[in-house]
Amino acid sequence: MLKKTDLKKLLVDCYGKQAKYRSGQLECIEAILDQKTVLAVKKTGWGKSLIYFVATKSFRLDSGGPTLVISPLSALIRNQVDSAKKHGLRAGAILHTNKDEWEEIETQILNNELDMLFISPERLSAKRFKLNILPHLEDLSLLVVDEAHCISDWGHDFRPDYKRISRLINLMPSKLPVLAMTATANDRVIEDIAKQIGRDFVTLKGGLKRENLILANIKEASLACRLAKILGILNTLEGSGIVYALTKRNAEQVSSWLRANGIDAHTYHSDVDPDKKIRLENELISNKIKVLVATTALGMGFDKPDLRFVIHYQRPSSVIHYYQQVGRAGRSNITAYGFLFYGDEDERISNFFIENAFPPQAHFELILKAVKESDDGLSVAEVQKKINLRKGQIEKAIKLMSVQDDGPIIKVGSKWVISPSIDRFSLDKDLIEKVQLNREMEQLQMKEYSETDECLMKFLTKALDDKESTECGVCVNCTDQMIEIEMSASAEEAMQFLKESYQTLPPRKQWPHFKGMSKYGFSGNIRRDLRAEQGRALSLWKDSAWGSVVAKCREECEFNDELLHACVKMINSWEFGKNPTWICCIPSSSNPMLVPSFAMKLAKELGIDFVSCISKVEETRPQKAMLNSYHQATNLDGAFEVDSNYVKNEPCLLFDDIVDSGWTFTVASALLRSHTNSEVYPVALALVSPRQE
């Protein structure tokens, strides 16, 4: 092992003449070089990547093999690869976004030309990785598990694929040093990480306080007021940063508001094109844009040392989540800011994520029964046909079963089949109940944090079991001073923006797989001449603008004139190819006059004809009870009939009050277009925000 003087020289070689080890870094590197398994729990910005960069450099100078780094997010991995290269290491990554580089990386591994290989935990189950890469990693010098809290059932970002890491460790020589790192692990998670990896640990835990990070909590129930204040903050603060939102739609909305008011803001979430994500990451790092409005897709380990602020549009579900996200700011020890906005509706969104963290026992039983009864196994799409569960629910349950040591199902080709271990499989119901309860307690703790009058940094570090927790002296509670915000837009302007943030309704382009819509004879791709045009919804269901008004009026069984005028304004702002000359609506058995009466008023205000041409001829189960696309579509097969005597051969509006999956509009539009050559434009009062999957 290199001497301390040599390790200091190595640091200078990697990081420059002014580089010095921070407290605990040298101790951590020495433990790794001594072939120990190390768990490093250190604050955000402490420099955890420096540990394995320098250790790798040392091993390679001593003719050792490469380092394998397992990391949870593509953004984080790209960030780490770039950083490793800047510090003189030959690094590569195998990601789903860089398939054109895989062959070159495989060759580099074979020829021992890479110092570091970065992968996500999902790659451990990939056939190509196991055949082409894993056999050549027998001489690894170091295995790094980044964001190690993901391996724990108790961790706030538990990832089932992290379970595969313990199997990998069991395959490796016992003397192979393992470095597990995280900034967000309390004592319970630390204990579970040790259990999951199955080795004796040297645990190196440091103080988590960030003296340069100025925190402030702002209670604001009105989303319009939040938007106005966030705009004011961005116009006040120098530098660039991140605004976090809980959902993709929230992120899009905040980003649109900021751009409309002259802020160079861009949206970042899981649906953004991978190439665009890379471009946005680089532009934020190089300060070419002011702010990324992001979901948790941009989170763990993203390293921009001079990030000046992190703003939360809504309250995260746990203190641990919050510490990890706000810790993106000020990593180079510059003064940075963390603003947390919160209100009562945040809890509803957090509850959704908590309730869906683990599938219930019934989901496992339904899936196993369906797979057992099949002749040659089932794909996920085929499971969707057999059971009424969302695709995301099915995939989550299958993932949890497949990563177990004695998992009850295995994948053969594209299908899941019953494994020989099925009789030994049992789900730990007690553990799931305890984890669920723990996450509910974490949410209560986060609520307590948002309302506390004690030092905010001390509250966070105490929650993470930091024994050195002390007051920061700089947060809003310590100084009793809020940063002065220069308001550049009013809450009224923001509310008007929200009221005019109409939701697009993209047309579906394919009928459900398998039999399609047998009663109607629809199957395969939806023909262009049967397809709806892109539609619009006035609001998101129960949002703070029109969505809450829609919900209230629906309860009272009458939509008011305020909604009528707002809907007319939305339609009049629409740029049609050729303006619609008539309107029809979706019939309902439960409340037969609610939708038609509003559609008639709408027709009168717009100066077009109302035509009652669609009737419901078969009773169906409520669409909201249909949980995946196959069941949503087939539930409507044969449900509606169009009277061709009333259909006009001119563009029309097709109205419904609420739209969820979009299948009702899809089926009704296809039936209408079977009798007309003109466009059909779906219109709704509210869109039920797509379920998080």
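The values are calculated or read from the model by the stated rules, or taken from the named source; none is laboratory data. Everything numeric here is computed off the predicted structure, so don't read it as measured data. Methodologically, a virtual Cβ is constructed for each residue, glycine included, from the backbone with ideal geometry; neighbour enumeration extends over all protein chains shown.
Every residue, every condition in (1) aliphatic (A, V, I, L, M); (2) over 30 Å from N112 (Cβ atoms), yes or no:
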site	(1), (2)
E138	no, no
S141	no, no
C150	no, no
I165	yes, no
L171	yes, no
K175	no, no
F201	no, no
K205	no, yes
L223	yes, yes
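If only one of A194, A180, A224 is modelled with pLDDT under 95, buried (at least 24 other Cβ atoms within 10 Å of the Cβ) and of a type in the set (A, V, I, L, M, F, W, C), which one is it?
Details: A194 fails: buried (at least 24 other Cβ atoms within 10 Å of the Cβ); A224 fails: buried (at least 24 other Cβ atoms within 10 Å of the Cβ).
Testing whether each residue is modelled with pLDDT under 95, buried (at least 24 other Cβ atoms within 10 Å of the Cβ) and of a type in the set (A, V, I, L, M, F, W, C) leaves just A180.
Go through segment 167-185 and give me each residue that's touching a strand residue (DSSP E or B) at 6+ places or on another chain (Cβ under 9 Å) and of a type in the set (S, T, N, Q).
Within segment 167-185, T182, T184 qualify.
Out of everything in segment 530-551 that is at pLDDT 95 or above and among the charged types (D, E, K, R), what residue ends up being nearest to L378 (Cα to Cα)?
R531
Quickly run through segment 235-279 and pick out the residues that are within 17 Å of the chain's Cα centre (by Cα) and part of a helix (DSSP H, G or I).
Applying the first criterion (within 17 Å of the chain's Cα centre (by Cα)) to segment 235-279 yields 242-255, 266-274, 276-278.
Across segment 235-279, the qualifying residues are K248, R249, N250, A251, E252, Q253, V254, S255, P274, K276, K277, I278.
Which members of segment 1-58 meet the condition of being farther than 27 Å from K195 by Cα, aromatic (F, W, Y) and assigned to a loop (DSSP other than H, G, I, E, B)?
The one that is farther than 27 Å from K195 by Cα, aromatic (F, W, Y) and assigned to a loop (DSSP other than H, G, I, E, B): Y21.
One line per residue, one yes/no per condition, for (1) touching a Gly at 6+ places or on another chain (Cβ under 6 Å); (2) at negative phi; (3) surrounded by fewer than 17 Cβ atoms within 10 Å (Cβ to Cβ); (4) free of Cβ contacts under 8 Å to residues at least 12 places away in the same chain:
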site	(1), (2), (3), (4)
H513	no, yes, yes, no
R528	no, yes, yes, yes
G577	no, yes, yes, no
P580	no, yes, no, no
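For S63, state whether it is buried (at least 18 other Cβ atoms within 10 Å of the Cβ), more than 31 Å from the chain's Cα centre (by Cα) and either more than 30 Å from L280 (Cβ to Cβ) or in the same structural domain as A194 (by TED's automatic domain parsing) (or both). Spell out how you get there, then give the answer.
Numbers: buried (at least 18 other Cβ atoms within 10 Å of the Cβ): no; more than 31 Å from the chain's Cα centre (by Cα): yes; either more than 30 Å from L280 (Cβ to Cβ) or in the same structural domain as A194 (by TED's automatic domain parsing) (or both): yes.
In short, no.
Among the candidates R249, R315, which residue alone is under 20 Å from S501 (Cα atoms), modelled with pLDDT under 95, among the basic types (K, R) and touching a Ser or Thr at 6+ places or on another chain (Cβ under 8 Å)?
Numbers: R315 fails: under 20 Å from S501 (Cα atoms).
Every option except R249 fails the conditions.
Just give me the residues in segment 335-356 being of a type in the set (A, V, I, L, M, F, W, C) and buried (at least 23 other Cβ atoms within 10 Å of the Cβ), in sequence order.
Listed by number, the residues that qualify are A336, F339, L340, F341.
When you go through S419, S332 one by one, which is the residue that is surrounded by 14 or more Cβ atoms within 10 Å (Cβ to Cβ), outside the structural domain of A545 (by TED's automatic domain parsing) and not acidic (D, E)? Talk me through it step by step, then tell me what you get.
Values: S332 fails: surrounded by 14 or more Cβ atoms within 10 Å (Cβ to Cβ).
Going through S419, S332 in turn, just one is surrounded by 14 or more Cβ atoms within 10 Å (Cβ to Cβ), outside the structural domain of A545 (by TED's automatic domain parsing) and not acidic (D, E): S419.
For a quick check of your reading: which helices (runs of 4 or more DSSP H) sit entirely within segment 427-504 and have at least 1 residues that are of a type in the set (D, E), free of Cβ contacts under 8 Å to residues at least 12 places away in the same chain and in contact with a Pro (Cβ under 8 Å, 6 or more places away or on another chain)?
On the way: elements: 429-451, 456-463, 476-479, 491-499.
In segment 427-504, there are no helices (runs of 4 or more DSSP H) which contain 1 or more residues that are of a type in the set (D, E), free of Cβ contacts under 8 Å to residues at least 12 places away in the same chain and in contact with a Pro (Cβ under 8 Å, 6 or more places away or on another chain).
Condition check: assigned by TED's automatic domain parsing to the domain that holds F640, part of a helix (DSSP H, G or I) and touching a Phe, Trp or Tyr at 6+ places or on another chain (Cβ under 9 Å). Does F576 satisfy that? Walk me through how you get there before you give the answer.
Numbers: assigned by TED's automatic domain parsing to the domain that holds F640: yes; part of a helix (DSSP H, G or I): no; touching a Phe, Trp or Tyr at 6+ places or on another chain (Cβ under 9 Å): yes.
The answer is no for F576.
For P359, are the conditions met, namely being closer than 30 Å to G516 by Cα, under 18 Å from the mean Cα position of the chain (by Cα) and crowded, with 17+ Cβ neighbours inside 10 Å?
yes
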